[in-house]
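Participant: Sending over a structure as structure tokens; questions will come in a sec.
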Amino acid sequence: MSSEAQIPHLFRTEYRKIVSVLCRHFGFREIEVAEDIASDTFLVAMQAWGIEGPPPNPAGWLYSTAKNKAKNYLHRHSIYEEKVLPEVRTGWDGDTELEIDLTPGNIYDSQLQMMFAVCHPSISGESQVGLALRVLCGFGIQEIADAFLTTKEVVNKRLTRAKERLRGVDIQIEMPPADQIDVRLEPVLTTIYLLFNEGYYSISQDRALRKDVCLEAMRLCTMLVENAATNKPQVNALLAMMCFHASRFDARIDASGDLVLYGEQDTSLWNEDLIMNGAVFLKAAASGSILSRYHLEAGIAYWHTQKEDIPDKWSNIVYFYDQLLKLNYTPVAALNRLFALSKLKGKLAVIQEAEALAIENNPFYFALLGELYTGVDQHKALANLDNALQLARTTAEQQAIGKQISALQKG
Amino acid sequence: MEEYLILMRLDLLTREAQPSPEQMQEYMKQYHSWIAGIVAEGKFAGGKGLSTEGKVLKPGNVMTDGPYAETKESLAGFIVIRTGNFDDAVRLAAQCPILNGEGNSVEVRKIVSVHEQ
């Protein structure tokens, strides 16, 4: 077997390239045709390569197979249009076939443009992430269902509805004009952000799948950084944030798959390369006049990569949380700010402020109070952790809180 | 030595059942090691995969886009193996990884030759 064919994820990688190019060629209306042709191509590859072994140039083989299938489709389509619907002639005639362009340049452009098409505010965040996983990342329906802990039927329905909606707004596969890049980038960055969170905080137990999802989000963001038109400060900030968070991927889940809380992680498992890369992108983000939420979150994430518990670390984190809350208030950010503040000012100083938040339906609220009362009032600490345990939504959360409770009961 | 044709049919109609690209790459590897096992036993005589496009011709100049216009299963590939008896041919065919897929099937047929009788 040739070494090239053993590239992990080769089919997944080539799937998304072929779908993007075909979809750009046919128009978004025909996205299902593009998906079918791509799936068909891999079905044939599976069979032919299985029997004869992979070809010397696997990608090239896939492209020419996909091209032939696309040509056949166009040919059949033209017969239909000419014989059945003569009045709606499109001006396309069978002899001047438009060549399907599967050169690296067009593959890259098509993928970039597909990003702007799929990450569209007219569909829900969940649908954007699902469609991105399918069309931009090449994941299968079952893999997406596993990531969302739902069924294939639900995913299929969601994706079908999302595609319908995008057809409804007549989405075009094209680069936005230069003066609209910042505005159009916003939903794209939101999707990438959600995609990363889906992997990082997913309720799915499949660790490898979760890491793949995070790496995909980083790959999409890297494509935007590599393109001159989209290499904007906020894009670099988001990529920096993801690098910093991803650096703890191996430290935050232990061998048995349990979540390891930040304070208890083995810092020698933090990935120094990712931290360094993150720093490079953070530096690139520090230009222009836009201070996006990604800048602030990258700042918070940066200071979390500092191993020493110095006052500077927590005062900076608190500062960035203050800015973030002004820009975009969320209960989770408010709770995280208070945790950082307690590191800076001590637990007693923060308890009152925390209780004033009174977010009664949130496990993190009670987990924070449990943490703050630990060493101050054991009885209240336990009561709050019990509440947190009742509200915990995932087994990982339950396990992490359970550990805290048993540690408290022993001590 | 006798020759046997092993025909592999895939369920192509059930769209929801379509494996992901990642799974297909995995199946391809399993497929390849199944063939490698037959080659290692010195029993592989050849084979090809088939494209999904095709035409079905019928009496009276009837031609349809095939191959799966009328049947749920589509011929996806075939191999020819050389072995001493039917049981061994069936044993090798039973290891074909496409049998892990719902709706798929493998058919074993003895090839009849006029000259070697």
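Laboratory data are not the source of any read-out in this text; all were calculated from the coordinates shown. What you are looking at is a predicted structure, and each value in this text was computed from that prediction instead of being measured. Ideal geometry is used to build each Cβ from the backbone, glycine not excepted, and the neighbour counts take in all protein chains shown.
Participant: What do you get when you divide the Cα radius of gyration of the stretch A:99-245 by 2.2 N^0.38 Å, with N the number of residues?
Facilitator: Compactness ratio reported: 1.02.
Participant: Further, regarding this structure: Measure nothing fancy, just the Cα-based angle from helix A:272-285's long axis to the longest principal axis of chain A, in degrees from 0 to 90, nearest 10.
Facilitator: On a 0 to 90 degree scale, this one is about 80.
Participant: In whole angstrom, note down how far apart the Cα centers of the stretch A:306-382 and the stretch B:81-117 are.
Facilitator: Distance between centres, Cα-based: 67 Å.
Participant: Another question, if that's okay. Compute the length gained on full extension between residue B:109 and residue B:53: take 0.36 nm times their separation in residues and subtract their Cα-Cα distance, giving the result in nm to one decimal.
Facilitator: Taking residue B:109 through residue B:53 to full extension adds about 17.7 nm, to one decimal.
Participant: Here's something else I'd like to know. What is the extension gain from residue A:126 to residue A:267, computed as 0.36 nm multiplied by their sequence separation minus the C-alpha to C-alpha distance, in nm to one decimal?
Facilitator: Contour length minus the Cα-Cα distance gives 47.5 nm.
Participant: Quick check: the distance between the Cα centres of the stretch A:256-288 and the stretch A:148-196, to the nearest angstrom?
Facilitator: Comparing the Cα centres of the stretch A:256-288 and the stretch A:148-196, I get a distance of 28 Å.
Participant: Any idea what the dipole of the stretch A:294-411 comes to, in debye rounded to 20, about its Cα centre with Lys/Arg Cβ at +1 and Asp/Glu Cβ at -1?
Facilitator: Here the stretch A:294-411 has a charge dipole of around 160 debye.
Participant: Ranked from highest to lowest mean number of other Cβ atoms within 10 Å per residue, what is the order of the peptides A:220-231, A:25-36?
Facilitator: Output ranking for A:220-231, A:25-36: A:25-36, A:220-231.
Participant: Compute the relative contact order of chain A as a whole-number percentage, counting only Cα pairs closer than 8 Å that sit 6 or more residues apart in sequence.
Facilitator: Across chain A, relative contact order equals 10 percent.
Participant: I'd like the mean, over residues of B:24-37, of how many other protein chain beta carbons sit within 10 Å of each residue's own Cβ.
Facilitator: 6
Participant: Also, quick follow-up: Assuming R0 = 51 Å, what is the FRET efficiency of residue A:315 and residue A:76, from their Cβ-Cβ distance, to the nearest 0.05?
Facilitator: That pair, residue A:315 with residue A:76, gives E of 0.15.
Participant: As I understand it, the dipole of the protein assembly as shown uses +1 on the Cβ of Lys and Arg and -1 on the Cβ of Asp and Glu, about the Cα centre. Which of A:295, A:239, A:223 lies farthest toward its positive end?
Facilitator: The one lying farthest along the dipole's positive direction is A:295.
Participant: For residue A:323 and residue A:250, compute 0.36 nm times the residue count separating them, minus their Cα-Cα distance, and round to one decimal in nm.
Facilitator: In short, 23.3 nm is gained.
Participant: Which FRET efficiency value, to the nearest 0.05, do you get for residue A:182 and residue A:360 by plugging their Cβ-Cβ distance into 1/(1 + (r/R0)^6) with R0 = 25 Å?
Facilitator: Efficiency for this residue pair is about 0.05.
Participant: About the Cα centre of chain A, how large is the charge dipole given +1 on each Lys and Arg Cβ and -1 on each Asp and Glu Cβ? Please answer in debye to the nearest 20.
Facilitator: With only Lys, Arg, Asp and Glu charged at Cβ, the dipole is about 620 debye.
Participant: On to the next question. Residue B:63 versus residue A:64, label points 7 Å from Cα toward the beta carbon: distance in nm?
Facilitator: The modelled label-to-label distance comes out at 2.5 nm.
Participant: Moving on. For residue A:380 and residue A:344, what is the calculated FRET efficiency with R₀ set at 25 Å and r taken between the beta-carbons, to the nearest 0.05?
Facilitator: Step by step, r from the Cβ atoms, then E = 0.70.
Participant: Using only atoms on other chains, find how many Cβ atoms lie within 10 Å of each Cβ of peptide A:9-15 and report the average.
Facilitator: If you average over the peptide's residues, the count of other-chain Cβ atoms is 5.
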